[in-house]
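Please treat every number below as a calculation from the coordinates, not as lab data. In this text, all values refer to a predicted model and were calculated from it rather than measured experimentally. No Cβ is skipped: glycine too gets one built from the backbone with ideal geometry, and neighbour counts run over all protein chains shown.
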Amino acid sequence: MNDRKLRVGIIGTGGIAHSHMNQYVKMDDVEIVAGADLVPGKAKAFFEEYGLDNVKCDYKDHAELLDDESLKLDAVSICTYNRMHKPCTVYALKKGVNVLLEKPMCVELEEGLEIMKAEKESGKIVSIGFQPRFDPSMQLVKKIIQSGVLGKIYYIQTGGGRRRGIPASAQKTTFIEDATGGIGALGDIGCYSLDMVLNALGYPKPLTVTGYTSNFFGTNPKTFEGRGGAEVAKKFEVDDFAAAFVRLEDDLILDFRISWAINIDTPGDTLVIGTEGGLRIPSTDCWNGRVGGPLKIYHELAGEQTVTEIPLPKNDVNCVELKVRSFLDAIKTGGKAPVPTSQIIYNQAILSGIKKSAELKHEIKIEVPEI
């Protein structure tokens with residue numbers, strides 16, 4: 001496989017698909033051979049933007065594309081709305097095709113487990129689209145936490161989000177409708193903040209969660225003045241704010257909050273508290289790579305309470321390019337998925353648990369069976 005081009009298809013040709021295509025077209029060992037979108041004509045217009053006239057894209061859906069054995073696909077990027085992540089991924093795996101799956105992994109924990117089962121049975125790989133992992137700032141956070149300088153870590157506060165930033169308008173409602181999005185700020189940006197700390201900690205297993213969600217801004221027509229108003233607000237069926245208290249294995253506590261809209265500048269910095277020191281990671285509106293400022297470690301030095309400021313490393317990488325490249329390299333070498341489902345299933349379990357706990361209005365137990 002190393003001496004031929006990888007044959008790649010794109011499933012879902014909306015906004016996020018452009019970030020994938022922008023990387024694929026730069027790579028000499030990739031040939032984009034097919035694409036599909038549920039909206040007639042959308043895939044054709046998408047590929048025409050890149051001057052690609054020979055890409056097969058007259059498919060009605062993902063299944064018709066994946067059923068076309070003449071394509072000889074090695075991989076697909078799945079860039080659909082959240083509710084279609086599971087069916088598209090499972091079908092691709094059953095057809096023997098590797099998958100680069102956009103985040104969030106899915107909507108419900110049970111869907112994630114189905115993806116993992118199909119992956120195991122197929123012998124192919126699924127890598128989840130968490131490009132922030134490749135950012136030097138995120139890698140520095142992980143390095144600090146794993147160095148042991150903080151001692152035994154027992155409490156983590158994470159989240160962040162936006163004061164105003166609901167991704168919806170009269171022309172764009174897939175993020176906010178239950179039938180398409182399924183979850184809101186939780187899945188859009190909450191998954192990033194969870195991955196930042198969980199990945200640094202080695203992805204401890206979640207045990208219980210007490211969750212809360214609300215949508216006060218999303219259901220208010222004033223939020224969408226000039227971009228659909230009441231008509232958009234009527235369609236808002238997901239969360240625009242979420243908070244949770246999660247117990248993890250190893251006696252760890254995770255205090256989480258995330259927002260698309262809130263009446264404060266930020267729901268809070270990320271704090272990682274240990275017996276020997278505490279790490280403050282300044283908040284951003286997304287956690288999609290860079291953090292909000294220099295990191296600070298609060299610790300004792302020579303008997304004095306002190307603060308050490310750690311400058312952020314140079315940001316000279318393209319995280320999305322590395323996300324795509326690492327996925328392709330894993331296919332070519334027979335390696336493991338760069339962002340594996342075996343880790344992200346715990347991220348998904350927390351997101352799904354918050355949603356379920358909020359609906360039931362009490363704490364719930366999180367159970368993730370072995371696949």
Gain in span if fully extended, D255 to E225, counting 0.36 nm per residue against the direct Cα distance: 7.5 nm
Give me the dipole magnitude in Debye, nearest 20, for the chain about the Cα centre, with unit charges on the beta carbon: positive for Lys and Arg, negative for Asp and Glu. 200 debye
Can you say what percent of the DSSP beta bridges in the stretch 59-175, counting only those with both residues inside, are antiparallel? Round to 5. 10 percent
Quick one: helix 109-122 against the long Cα principal axis of the chain, what's the angle to the nearest 10°, folded into 0 to 90? 50 degrees
Using a cut-off of 13 Å between beta-carbons, work out the net charge of the residues near G15 (Lys and Arg +1, Asp and Glu -1, G15 not included). -2
Given K117/K356; K60/K117; K142/K222; K26/K234, the pairs whose alpha carbons are separated by over 30 Å: K142/K222; K26/K234
Enter the mean projected area of the convex hull around the alpha-carbon atoms of the stretch 269-371, in nm², rounded to one decimal. 11.0 nm²
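If you place +1 on the Cβ of every Lys and Arg and -1 on the Cβ of every Asp and Glu, how big does the dipole about the Cα centre of the stretch 267-371 come out, in debye to the nearest 20?
Here the size comes out at about 460 debye.
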Per residue of the chain, what 222 nm ellipticity follows from adding -39500 (n - 2.57) for every DSSP H run with n ≥ 4, rounded to the nearest 500? -9000 deg cm²/dmol
Sparse-neighbourhood loop hits (trypsin sites (Lys or Arg not before Pro), the stretch 41-142; DSSP loop; Cβ within 10 Å at most 15 others) -> K60, K72
Which angle between 0 and 90 degrees, to the nearest 10, do you get for helix 15-24 versus the longest principal axis of the chain when only C-alpha atoms count? 80 degrees
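For E370, what is the net charge nearby, where nearby means another residue's Cβ is under 12 Å from its Cβ and Lys, Arg count +1, Asp, Glu -1? Can you show the working numbers first?
Values: positive: K117, K120, K205; negative: E367.
With Lys, Arg at +1 and Asp, Glu at -1, the neighbours total +2.
Let's test the formula: R0 of 25 Å, r as the Cβ-Cβ distance of V317 and K120. What FRET efficiency results, to the nearest 0.05?
Details: r = 32 Å, r/R0 = 1.26.
Result of the calculation: an efficiency of 0.20.
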In degrees, nearest ten, helix 191-200 long axis to first principal axis of the chain (Cα): 60 degrees
What percent do you get for the relative contact order of the chain when only Cα pairs under 8 Å and 6+ apart count? 19 percent
Selected from P338, P221, P204 as most flexible by GNM, with the chain as the system and alpha-carbon contacts under 10 Å: P221
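Express the relative contact order of the stretch 70-116 as a whole percentage, based on alpha carbon pairs under 8 Å and six or more residues apart in sequence.
Values: 55 pairs, mean separation 19.8, N = 47.
Computed over the stretch 70-116, the figure is 42 percent.
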With T = 37 °C, eta = 0.692 mPa s and Kirkwood Rh from C-alpha pairs, the Stokes-Einstein D of the chain in µm²/s is about 153 µm²/s
